[in-house]
Structure formats: C-alpha cells, structure tokens
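**Q** Take a look at this one; I'll ask things after.
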2 protein chains.
Amino acid sequence: MTIKQLFLEKEQLKSMTDYQFEGWVVSNRGNDKIRFITLNDGSTIDNLQLVIKGEMIKNKLVDEISLGSSLKIKGKINLTPSAQQPFELVVEFLEVIGNVDEDFPIQKKETSIEFLREIPHLRNRTKLFKAITLVRNSLLFEIHKYFQEHEFINFAAPIITSNDGEGAGETLLVNDETKNYFFKQKAFLGVTGQLHGESYAQAFKRIYTFAPTFRAENSHTSRHLAEFWMIEPEMAFFNLDQTIHLADDLLKTAIRNTTKNYPAEMQFLDSLQDNKLLPTLDKFINTKLQVIDYADALKILEKHKDIFEEKDLYFGVDLASEHEKFLSNEVAKGPIAVINYPKDIKAFYMKQNADGKTVAAFDLLVPGIGELIGGSERENNYSKLVSRLKELNISQEPLQWYLDLRRFGYAPTSGFGVGFERLVMYVTGISNIRDAIPFPRVPGQIKM
Amino acid sequence: MTIKQLFLEKEQLKSMTDYQFEGWVVSNRGNDKIRFITLNDGSTIDNLQLVIKGEMIKNKLVDEISLGSSLKIKGKINLTPSAQQPFELVVEFLEVIGNVDEDFPIQKKETSIEFLREIPHLRNRTKLFKAITLVRNSLLFEIHKYFQEHEFINFAAPIITSNDGEGAGETLLVNDETKNYFFKQKAFLGVTGQLHGESYAQAFKRIYTFAPTFRAENSHTSRHLAEFWMIEPEMAFFNLDQTIHLADDLLKTAIRNTTKNYPAEMQFLDSLQDNKLLPTLDKFINTKLQVIDYADALKILEKHKDIFEEKDLYFGVDLASEHEKFLSNEVAKGPIAVINYPKDIKAFYMKQNADGKTVAAFDLLVPGIGELIGGSERENNYSKLVSRLKELNISQEPLQWYLDLRRFGYAPTSGFGVGFERLVMYVTGISNIRDAIPFPRVPGQIKM
C-alpha cells in the first residue's frame with residue numbers, strides 16, 4: 001500500500017488496523033519518551049506521521065534517523081480526529097534500511113532552485129520536485145489514455161534520421177566513436193516525427209508520437225531545451241478546425257484529470273503561485289478556446305507596439321516571444337490559437353491557403369510561456385510542395401518518399417506538436433523549463 | 001466510428017442504419033451493375049464490404065478506384081446473415097479523396113517482406129504490417145497501463161548523456177554540425193536509462209522508462225537494431241524474486257490483454273505460423289515461469305554440447321544465442337529465467353552474491369528469440385562498487401553521483417530492461433526485428 005492510497009481512504013480508516021510502509025524520512029522530532037517521524041514514499045507529497053514510543057526509542061537507531069533515511073515500518077493506525085492530521089501510525093516494527101551521510105545536500109533549510117539544478121539526481125527528494133514529477137507522470141499517462149480512447153495508434157518515429165528536418169544548422173549529428181558515419185551517411189537526431197508520422201496516418205488515420213526530440217539551437221532561455229519530449233498527433237481526413245479542437249480538448253482533458261489525480265500536489269503548486277495557478281487552469285478548462293487570425297493579431301500588437309522591444313510589426317513578421325505572451329497574457333487572458341500565418345515564416349509542408357500568402361497553420365499560445373503547440377494542415381498538392389522546396393532551396397531527393405505519399409491514395413492530414421515540458425511548466429506554474437524534465441540538456445552543459 | 005467498432009457491434013447491427021466511414025480501398029470488383037469495394041480504415045485488419053449499385057457506377061469515378069485509393073462514404077447497413085460476412089454497407093454517397101499513381105508498389109500480388117523493408121513508408125498499408133502495428137500499439141499501452149496501475153511513475157531518463165554506459169565502443173556520439181561538442185564535452189546516446197532511473201527510484205520507489213535506446217554494435221542479425229525502444233522499471237525495496245515475478249506478470253498481462261484487444265490480428269498472425277503462435281502464447285500466460293540457476297543451465301547445455309557451435313561451456317562463459325534458444329525452445333519449451341550469472345560477464349552495478357562469484361541477476365529467455373529481458377538487484381555496498389569499477393578499469397569520477405546514491409538514504413533497488421521490439425517479435429511471431437519497428441535503423445543503413 002502507498003501513503004497516497006492511505007490518504008484516499010482516510011474517511012474509512014479504523015483504529016488499530018495493521019499497516020506497513022516503506023519510504024524516506026522527512027523529519028524526526030521528539031524526545032526520549034515519544035518521537036514523531038514523518039515518512040514519504042513518493043506516491044504523494046503528503047507525509048505519514050509515525051509515532052514511536054517506549055523501548056524502541058532507547059534503541060539507538062531512532063536517534064540516527066534523519067532527513068533522507070530509508071525505513072521499513074509496521075504499525076497500527078491511531079485516529080486523531082481533533083489533531084491537524086486525522087490519523088497517525090503507531091510503530092511496532094522499524095527497520096532502518098539506509099542512513100544518510102552528513103554531506104547530504106538536501107536539508108531542512110530552504111535550498112535555492114538554482115542549487116538544486118546542480119544536483120538533478122537528488123533534487124527529486126524535495127517536495128517541489130516530487131510535485132512536479134507526479135504531475136508530469138499524470139500528464140503523460142492522461143495524454144496516452146486520451147489518444148488511445150480516441151482511436152489513435154502510437155507511432156514510433158525514428159529518432160536517428162537522414163532528413164535534417166526543417167532547416168539547416170539546428171540539428172545534432174550522430175557518429176560512431178571514431179567520428180565516422182555509423183550509418184554510412186550523415187545522420188541526425190530528429191527534430192520532428194511528423195514527416196514519418198504522415199506515412200502512418202495514411203494507413204491508420206490517427207497516429208501520435210510521444211518521444212524525445214532534439215534541437216541544437218544555441219538558446220539559453222527558460223523555455224528551451226536541447227532535448228525535450230514532444231507529442232505529435234497526425235490525422236488523415238482532418239482539417240484545421242478539427243485539429244485545433246482536438247488540441248484544445250486534449251489539453252483540457254489531461255489538465256482536468258491531472259488536477260483530480262493529484263489534488264495535494266496541485267494545491268501545493270498553487271500556493272507557490274499566490275493561489276493563481278488553479279484558478280487559471282480552471283478558467284482554461286471551462287472556457288471556449290479563443291481563435292484569432294494572424295492578421296488580426298498583428299493589428300492588436302501594432303496598437304501596443306510601444307511596449308515591445310520588436311516594434312516593426314509588418315505582415316510576414318514572425319511573432320517574438322514578447323508578442324506571443326502579450327496575446328495570451330493580456331489579450332486573451334488565457335490560451336489563444338493564432339491561425340493563418342504567412343507562409344514565409346512557416347515550414348514547407350504546411351497547406352497553402354487560397355490567398356496565396358498564408359498557410360492553414362495554428363500556434364496555441366498560453367500565458368507565461370507563449371507557444372505551447374504548433375500545427376497545420378499539410379500541403380496535399382504535389383506540385384505546390386515541389387515548388388515550395390525549390391523556393392526554399394531544400395533538396396528534393398531526400399524527401400522524395402514524403403512527396404510520393406501524395407501520389408498514393410493520399411488523404412489530406414493535419415497534425416500538431418505539443419512541447420511536453422512546456423505543458424508541464426504551464427500546469428505546474430514553474431518558470432524554468434529546466435525544472436520540468438529530470439535531467440535537462442542545454443547547450444554547453446550535460447550533467448550525468 | 002471505426003470499422004473495428006462496427007465489427008465489435010456486429011451482433012447488434014440493424015439494417016438500414018446510416019453510417020459513414022473514411023478509409024483506403026483494398027479491392028474493387030464487380031461489373032457495370034454492381035460493385036463490391038472493400039475498405040480498410042486502419043483500426044483493424046478487417047475490411048468493410050461496400051456495395052455500389054446503379055447510377056453511381058456510371059459515374060466514371062468508381063472505375064478509377066483501385067487498391068490504395070482513399071474514400072469518404074456514407075451508406076446504409078444491409079444484414080446478410082447467410083453470406084460469408086454478416087453485413088455490408090450499401091453506399092449512398094461516395095467521395096474519392098485521393099487516387100493512386102500506377103507505380104504504387106503495394107499491389108494485390110504477394111510482395112516479399114524483403115522488398116517491403118525497402119519501402120518502410122508504404123509497407124504499413126499491407127495486412128501484415130497493419131497487424132504488427134496494431135499489436136505493437138496495444139503492447140505499448142498495456143505496458144504503460146500496467147505500470148500506472150501498479151504505482152509506478154514514468155521517468156524520462158536523459159537520451160543524451162555524458163556516461164558512456166557499460167563499456168566503450170558501443171555508443172553513438174552526438175556532435176553539432178561542425179563536429180564540435182555541442183555540450184562542451186563528449187556526449188553519447190544513452191544505452192540505458194537505468195543509472196539515472198535509480199536516482200528516481202530513491203524518491204518514488206517504483207519508476208519506469210519507456211524510451212528509445214541506442215547501440216553502435218556492428219551486429220547484422222535478425223535480433224539487433226541500432227535504435228530500439230526499451231522499458232526499464234526500477235524498484236526500491238525489491239529483491240530478485242520480486243523483480244522476476246514483476247517481469248513475468250507484466251508480460252503475461254500485456255500479452256493476455258493484447259490477444260483480447262486484437263483477436264482478428266492475432267488470429268491472422270497465428271495463421272502465418274501454422275497456428276502455433278496462439279497456443280504458445282496461451283501456454284506462457286497460463287504456466288508458472290520456470291527459473292533455473294546459471295550453473296544448472298550450464299550442466300544441461302554441457303550434456304547437449306554436440307549440437308552447439310560454441311562447445312566450450314565452462315563456469316564463466318557468456319551464453320550465446322544458440323544456448324539461450326536451446327534453453328527456452330528445448331528445455332523449458334517456453335520462457336525461462338536464468339539467474340545468478342557469473343559476475344565477470346555482467347555489468348558492474350549488479351549485486352554480488354555471498355558466494356563471491358555470482359551476481360543476483362536474471363535473463364528472461366523466450367523461444368525463437370533468446371534474451372527478451374535482463375535485470376538484477378543493484379549493488380548497495382559503496383566499497384564493493386568502487387572495487388568493481390577499479391577491476392573493470394571504469395573511471396569512477398563520472399559515476400560519482402551514482403555511487404553517492406548509496407550514501408544518501410539508499411534503499412536497495414532492482415530492475416530490468418525489456419527490449420520492446422523483441423517483445424513485439426515474440427507476440428507477433430515475426431522472425432526479423434526490422435519488421436517490429438516502423439523505420440528500422442541498423443549499421444550502415446538509414447532509410448528516410
């Protein structure tokens with residue numbers, strides 16, 4: 001049994017029932033006659049209060065137990081309805097499994113998040129990183145469940161690929177130890193599973209990837225990682241409207257269920273955000289998603305250009321993070337989908353609209369983060385794709401297999417990519433993406 | 001609605017009910033008065049029979065429909081209890097979404113599996129690869145579900161790591177486009193998430209990874225990939241017995257549910273194996289897992305050494321694929337766990353047994369494939385780990401963080417790794433691992 005299950009059953013608990021737990025010590029206080037130890041087993045941030053009395057305390061072991069020690073214990077529930085916590089466990093058997101050396105860097109006193117970032121193998125023992133990890137796990141499983149319940153098939157896009165993605169210079173190269181080409185040609189770490197995913201959407205209609213993705217961008221921001229997880233659904237017979245609706249429904253379902261699965265963790269994270277996190281998520285879950293045309297968004301941004309660093313807002317400009325955040329933080333005061341971007345700032349495979357200028361694409365922007373999701377309809381016209389590749393000076397030959405999909409019973413597809421760590425940021429309210437993944441990888445730094 | 005759902009409801013179907021489907025054509029036969037088109041939508045290998053009559057046939061479109069064309073159709077169910085298939089859909093609306101160029105390489109006539117391997121973006125349109133993909137998806141979700149229902153937390157181990165795994169020379173290097181170190185030091189593609197996973201098991205008790213893994217082995221066998229997916233659970237407070245039991249129960253549950261989820265696909269795959277696949281899986285599901293000591297396995301192999309290429313079977317020898325297959329195919333006639341391997345052929349982190357010679361490790365061998373799972377208790381003794389690193393000439397400094405886990409409230413962990421594509425092979429009965437993953441990566445070859 002886990003401590004989480006015990007707390008879930010707290011209304012039904014009976015005094016004198018036997019339980020056993022394993023976990024790690026959060027605190028050890030008391031005296032020679034009675035000790036109170038709080039225990040955590042990672043199933044929740046809630047701790048179980050252990051009470052130790054009499055003979056067991058004389059046993060020197062109890063003195064050596066400190067923050068971080070691992071224990072096995074057995075005992076009986078004691079209901080304490082008038083106390084702050086409604087029950088405690090009176091210990092009858094205790095085994096110390098592992099003690100803690102004095103230089104254990106996790107201590108009772110507050111430790112800075114920057115310091116914790118230096119010890120990714122230990123920061124998971126803090127309440128904050130426990131909460132983040134549990135929420136991350138819940139989001140992951142809710143996303144898998146959502147797709148499986150909506151007739152999607154998981155698709156394993158290749159990680160190592162001979163396609164260098166959407167442009168040059170932002171991909172990582174893979175070689176063997178001698179720096180030779182292990183694959184007899186240039187090989188890259190994938191920046192997207194979408195192109196390969198489209199081929200599977202042509203047989204299974206609805207597919208999704210959930211996999212690590214790589215960017216060699218030299219970005220040292222709080223929103224970029226060199227290695228991150230991405231969810232990329234691709235749907236045949238879907239248009240842009242249906243795709244935006246799917247993205248919206250996926251997010252709302254995953255967030256709604258996660259706040260239900262981990263109430264203690266979400267309340268704790270909320271308390272770190274001046275209790276603004278839960279109302280924000282609640283509002284998103286219960287409000288229709290706003291959708292705005294890129295051209296209309298531009299007009300609004302124009303009116304407020306004084307507050308931006310980048311003030312040159314012409315049709316064709318790529319929105320900077322400051323613009324994206326303004327649109328979600330200030331205009332929508334919540335998530336907002338911007339649609340119909342100029343084709344010149346979007347990828348070659350996006351479906352060109354009839355106006356000849358824009359593509360049937362959307363970015364979903366959320367407060368504090370900016371772009372969380374990007375997606376589009378895919379160009380189904382073979383000739384238009386070939387022309388676009390020429391215009392962009394992208395070699396056609398390596399992508400011939402992708403173009404050929406259009407010649408073989410092509411059902412137009414649409415899809416999008418969710419940056420999973422950005423979603424974790426949005427749901428937990430944390431401000432740095434390096435805290436949303438266990439061992440973050442950023443340019444010039446790779447710990448462990 | 002999907003065709004799979006329609007077939008699941010076949011007992012309740014009522015004539016004249018309206019339905020609409022989207023999918024791809026499998027066959028188009030008939031004449032000027034009546035046409036029979038079979039349609040597949042990827043939700044199952046079962047096809048829906050469409051009937052087209054009258055005016056609609058005169059419309060030239062119907063002649064152009066061929067294997068692979070994508071369609072949208074609406075129509076009414078017609079029950080045909082005396083026919084081979086108990087219902088058909090009489091089409092009232094038909095839209096051809098995409099037609100097929102003449103050089104479409106998937107044709108009615110049988111195509112060799114080797115040829116299909118050359119076109120990984122199109123082979124998913126065949127019945128065989130549809131069945132494999134659906135089974136693979138089912139196994140993936142069943143595994144996630146199993147862990148989530150058993151109080152495991154998904155853990156994202158880093159893919160790019162500064163640890164080169166268990167030995168040298170079998171890892172892939174990651175650089176930027178200029179072949180410089182993007183991370184300012186040597187960086188590798190992970191060969192295991194276990195070491196990092198252990199640090200999370202020290203806070204969450206039970207964690208699992210489900211992620212791509214990489215080997216630069218120059219192996220050109222039917223059982224090796226350079227990029228494959230691995231599932232690695234790691235459990236604190238677990239011993240070897242509990243770990244083997246977990247591996248066994250995980251496999252049995254995932255296989256049992258998959259045969260339930262995809263009966264048509266499993267029966268089709270069974271038919272390709274002379275109807276030996278389902279009885280084999282059924283036997284595994286319903287039989288207690290056999291466990292044998294490495295030393296005892298060696299004695300049995302000794303007795304049959306005449307049939308092996310490698311006849312030198314002394315204590316300390318690493319079992320070759322032929323030995324592993326003999327133990328599962330002939331001795332156990334099913335899966336078998338070999339335990340207590342000599343420490344010299346196993347990784348440094350495995351828990352040394354009291355005999356000083358062996359480690360508390362297990363390999364789970366299955367018929368036809370050999371090793372499907374490898375696992376162990378982890379060494380909890382700091383000094384023993386340090387000595388072992390010295391003996392094996394592995395540098396201690398990069399692993400200091402891993403050693404330190406033993407000093408900070410360490411609860412001994414155990415875990416294992418499941419090669420996901422090998423599991424797909426075992427459950428589908430296919431004989432080459434390159435058919436168990438959409439875009440296989442092997443030395444010297446990287447398609448798309």
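The values are calculated or read from the model by the stated rules, or taken from the named source; none is laboratory data. From a predicted model like this one, the values you see are computed outputs, not experimental measurements. Every residue, glycine among them, receives a Cβ derived from its backbone with ideal geometry; neighbour counts consider all protein chains shown. Ligands, DNA and RNA are excluded from the accessible area calculation, which covers all protein heavy atoms including side chains. Shrake-Rupley method; radii C 1.70, N 1.55, O 1.52, S 1.80 Å.
**Q** Scan the stretch A:27-45 for residues that are over 13 Å from residue A:125 (Cα atoms) and not polar (S, T, N, Q) and jot them down.
**A** Matches in the stretch A:27-45: A:29, A:30, A:32, A:33, A:34, A:35, A:36, A:37.
**Q** For the stretch A:8-55, list the strands (runs of 3 or more DSSP E) that sit wholly inside it and hold at least 3 residues that are within 12 Å of another protein chain (Cβ to nearest Cβ); which are they?
**A** Details: elements: A:18-30, A:34-40, A:48-53.
Qualifying strands (runs of 3 or more DSSP E): A:18-30.
**Q** Can you tell me how many residues within the stretch A:306-328 are more than 23 Å from the chain's Cα centre (by Cα), among the small types (Gly, Ala, Ser) and open to solvent by 30 Å² or more (accessible area, probe 1.4 Å)?
**A** The number of residues fulfilling the criteria is 0.
**Q** Which condition number in (1) touching a Ser or Thr at 6+ places or on another chain (Cβ under 6 Å); (2) at pLDDT 95 or above is the one that residue B:367 fails?
**A** Condition not satisfied by residue B:367: (2).
**Q** Output the residues belonging to the stretch A:19-50 that are aliphatic (A, V, I, L, M) and buried (at least 17 other Cβ atoms within 10 Å of the Cβ).
**A** Result: A:25, A:26, A:37, A:39, A:45, A:48, A:50.
**Q** Inside the stretch B:319-398, counting only strands (runs of 3 or more DSSP E) that do not spill past its ends, which hold 3 or more residues that are in the same structural domain as residue B:286 (by the TED database) and closer than 30 Å to residue A:447 by Cα?
**A** Working: elements: B:336-339, B:361-366, B:370-377.
Those strands (runs of 3 or more DSSP E) span B:370-377.
**Q** Of everything in the stretch A:150-187, what is facing chain B (nearest Cβ under 7 Å) and modelled with pLDDT under 70? Give them in sequence order.
**A** A:169, A:177, A:179, listed by residue number.
**Q** Right, another one. Can you tell me which condition residue A:158 does not meet? The list is (1) in contact (Cβ under 8 Å) with a residue 40 or more places away in the chain; (2) crowded, with 22+ Cβ neighbours inside 10 Å, and all the others hold.
**A** (1)
**Q** Name the residues in the stretch B:56-76 that are more than 9 Å from chain A (Cβ to nearest Cβ) and modelled with pLDDT of 95 or more, would you? Reasoning before the result, please.
**A** Of all residues in the stretch B:56-76, those more than 9 Å from chain A (Cβ to nearest Cβ) come to B:56-65, B:73-76.
B:73, B:74, B:75, B:76 - these are the residues of the stretch B:56-76 that are more than 9 Å from chain A (Cβ to nearest Cβ) and modelled with pLDDT of 95 or more.
**Q** If I ask for residues that are hydrophobic (A, V, I, L, M, F, W, C) and farther than 14 Å from residue A:371 by Cα, which ones from the stretch A:428-448 would you list?
**A** First, pick out the residues of the stretch A:428-448 that are hydrophobic (A, V, I, L, M, F, W, C): A:430, A:433, A:436-437, A:439, A:442, A:446, A:448.
Scanning the stretch A:428-448 gives A:430, A:436, A:437, A:439, A:442, A:446, A:448.
**Q** Further, regarding this structure: Just need a number here: residues in the stretch A:386-418 that are within 14 Å of chain B (Cβ to nearest Cβ) and either of a type in the set (Lys, Arg) or open to solvent by less than 20 Å² (accessible area, probe 1.4 Å) (or both).
**A** Of the residues in that region, 13 qualify.
**Q** Of the conditions (1) surrounded by fewer than 21 Cβ atoms within 10 Å (Cβ to Cβ); (2) assigned to a loop (DSSP other than H, G, I, E, B); (3) at pLDDT 95 or above, residue A:145 satisfies every one except a single condition; which number is it?
**A** (2)
**Q** So for the stretch B:197-204 (the condition being in a helix (DSSP H, G or I), more than 18 Å from residue B:374 (Cβ to Cβ) and open to solvent by 30 Å² or more (accessible area, probe 1.4 Å)), does at least one residue qualify?
**A** To start, the set of residues in the stretch B:197-204 that are in a helix (DSSP H, G or I) comprises B:197-204.
Retained after the next criterion (residues that are more than 18 Å from residue B:374 (Cβ to Cβ)): B:199-200, B:202-204.
Next cut, open to solvent by 30 Å² or more (accessible area, probe 1.4 Å) only: none.
No, the conditions are met nowhere in the stretch B:197-204.
**Q** I would also like to ask the following. For residues in the stretch B:269-305 being assigned to a helix (DSSP H, G or I), open to solvent by less than 40 Å² (accessible area, probe 1.4 Å) and in contact with a Lys or Arg (Cβ under 9 Å, 6 or more places away or on another chain), which is farthest from residue A:149 (Cα to Cα)?
**A** Our first condition is that a residue be assigned to a helix (DSSP H, G or I); within the stretch B:269-305, this holds for B:269-271, B:277-286, B:294-303, B:305.
Adding the requirement that they be open to solvent by less than 40 Å² (accessible area, probe 1.4 Å) leaves B:269-270, B:277, B:281, B:284-285, B:294-295, B:297-298, B:301.
Next, from what is left, pick out any that are in contact with a Lys or Arg (Cβ under 9 Å, 6 or more places away or on another chain): B:270, B:281, B:284-285.
Working: B:270: 27, B:281: 26, B:284: 29, B:285: 26 Å.
Restricting to residues being assigned to a helix (DSSP H, G or I), open to solvent by less than 40 Å² (accessible area, probe 1.4 Å) and in contact with a Lys or Arg (Cβ under 9 Å, 6 or more places away or on another chain), the top hit is B:284.
**Q** Same structure, new question: Quick check: is even one residue across the stretch A:72-89 surrounded by fewer than 14 Cβ atoms within 10 Å (Cβ to Cβ) and assigned to a strand (DSSP E or B)?
**A** no
**Q** I'm checking my understanding of the structure. Among residues of the stretch A:217-243 that are open to solvent by less than 10 Å² (accessible area, probe 1.4 Å) and of a type in the set (A, V, I, L, M), which one is farthest from the other protein chains (Cβ to nearest Cβ)?
**A** Quick first cut of the stretch A:217-243, residues open to solvent by less than 10 Å² (accessible area, probe 1.4 Å) only: A:226-227, A:231, A:233-236, A:243.
After this cut, where a residue has to be of a type in the set (A, V, I, L, M) as well, the list is A:226, A:231, A:235-236.
Working: A:226: 7, A:231: 13, A:235: 10, A:236: 7 Å.
If we take residues in the stretch A:217-243 being open to solvent by less than 10 Å² (accessible area, probe 1.4 Å) and of a type in the set (A, V, I, L, M), then A:231 is farthest from the other protein chains (Cβ to nearest Cβ).
**Q** Restricting attention to the stretch B:215-237, which residues are in contact with a Gly (Cβ under 8 Å, 6 or more places away or on another chain) and farther than 30 Å from residue A:183 by Cβ?
**A** Hits for the stretch B:215-237 are B:233, B:234, B:235.
**Q** If you check A:260, A:325, A:276, A:299, which single one turns out to be modelled with pLDDT under 95 and among the charged types (D, E, K, R)?
**A** On the way: A:260 fails: modelled with pLDDT under 95; A:276 fails: modelled with pLDDT under 95; A:299 fails: modelled with pLDDT under 95.
It is A:325.
**Q** Of all residues in the stretch B:100-142, which are at the interface with chain A (Cβ under 10 Å from one of its Cβ atoms), part of a helix (DSSP H, G or I) and over 19 Å from the mean Cα position of the chain (by Cα)?
**A** Scanning the stretch B:100-142 gives a single hit, B:125.
**Q** A further question follows. Is there a residue in the stretch A:36-53 that is in the same structural domain as residue A:93 (by the TED database) and modelled with pLDDT under 90?
**A** Taking the stretch A:36-53 first, the residues in the same structural domain as residue A:93 (by the TED database) are A:36-53.
Pick out the ones that are also modelled with pLDDT under 90 and you get none.
Among the residues of the stretch A:36-53, not one is in the same structural domain as residue A:93 (by the TED database) and modelled with pLDDT under 90, which makes the answer no.
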